[in-house]
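Take a look at the structure set out below.
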Amino acid sequence: MTPFLAEFIGTALLILLGNGVVANVVLNGTKGNGGGWIVITTAWALAVFVGVVVAGPYSGAHLNPAVSVGLAIAGKFEWSQVAPYALAQLLGAMLGSALVWLKYKDHFDATENPDLKMACFCTSPAIRNPFLNFMSEFIGSIVLIFVIFHFTNAEIADTKTPVGLGSIGAMPVMLLVWAIGLSLGGTTGYAINPVRDLGPRIIHAILPIAGKRGSDWSYSWIPVIGPLLGAGFAALLYLFIGS
């Protein structure tokens, strides 16, 4: 398992389970239809846990270009690895999103509302206000990256500990993403990850989804630029206060 492959697989799992819960909640005829925001935010947090558990031992489980950029600015990651990581993350996000469509294709076909179909791929604002939508992604990403800088090694190193508990090291980031979703996610759907939005948005544009709408490319820069700038701000703040 190479770091590139780990980021690819980890991000694919993240998007498969994350966008999968959206499809389960919003598409017609599913067992989870109408499950609501708590279900969505909880499953997204668990999706992060799964992705981190799989990719963590091999790549550090960034699964997000904003994480890679933030760590590089803080001197904790090589700049030369940012682009390869981001490419792996983007391709993984695209694969995960395509698998969601395949898994729920009958329910996509049974759903008439094109906005609900697009929600299973990418984010959109509850109230369209480009500046405030940008600030929502910017602030959420600051919280994500700044708190990540303060995580300590949560691995259980004792060899007498039952096998598998070492994965508890993925729990802090899971709880962090859950908190962001519950508290800050209601305005834009909290992408806080450029490829989480861009990869699935590309797949939405490509796939032959019956009755779909346009992919809203005029909005697409916000969940890309907002998290990247938020990551940069968080890294500089971390360095300024004395890492």
Check the range 120-132 and report whether any residue there is assigned to a helix (DSSP H, G or I) and under 18 Å from Gly18 (Cβ atoms).
no
Of everything in the range 146-170 that's surrounded by 13 or more Cβ atoms within 10 Å (Cβ to Cβ) and modelled with pLDDT under 90, which residue is nearest to Val69 (Cα to Cα)?
Ala170
Out of (1) without any contact (Cβ under 8 Å) to a residue 24 or more places away in the chain; (2) in contact with a Cys (Cβ under 9 Å, 6 or more places away or on another chain), the one Trp101 does not meet is (1)
Unmet criterion (only one of (1) assigned to a helix (DSSP H, G or I); (2) more than 20 Å from Ile142 (Cβ to Cβ)) for Gly226
(2)
Taking the range 92-110 and keeping only residues that are surrounded by fewer than 22 Cβ atoms within 10 Å (Cβ to Cβ) and farther than 25 Å from Leu5 by Cα, one is left with Lys105, Asp106, His107, Asp109, Ala110
Checked the range 166-204 for anything assigned to a loop (DSSP other than H, G, I, E, B) and among the aromatic types (Phe, Trp, Tyr); matches are Tyr190
Could you list, in sequence order, the residues of the range 127-143 that are surrounded by 17 or more Cβ atoms within 10 Å (Cβ to Cβ) and either of a type in the set (D, E, K, R) or free of Cβ contacts under 8 Å to residues at least 24 places away in the same chain (or both)?
Glu137
Determine, yes or no, whether Gln89 is within 27 Å of Pro208 (Cα to Cα) and not acidic (Asp, Glu).
yes
Residue check, Gly214 against (1) surrounded by fewer than 16 Cβ atoms within 10 Å (Cβ to Cβ); (2) touching a His at 6+ places or on another chain (Cβ under 6 Å), all met but one. Which one?
(2)
Where Gly29 falls short, out of the listed (1) crowded, with 17+ Cβ neighbours inside 10 Å; (2) on the phi > 0 side of the Ramachandran plot; (3) touching a helix residue (DSSP H, G or I) at 6+ places or on another chain (Cβ under 7 Å):
(1)
Among the candidates Leu176, Leu228, single out the residue that is modelled with pLDDT of 95 or more, over 20 Å from Ile73 (Cα atoms) and not small (Gly, Ala, Ser).
Leu176
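The values are calculated or read from the model by the stated rules, or taken from the named source; none is laboratory data. Here the structure is a predicted model, which means the values were calculated and not measured. When we count neighbours, we look across all protein chains shown, and the Cβ atoms used for this are built from the backbone with ideal geometry, even at glycine.
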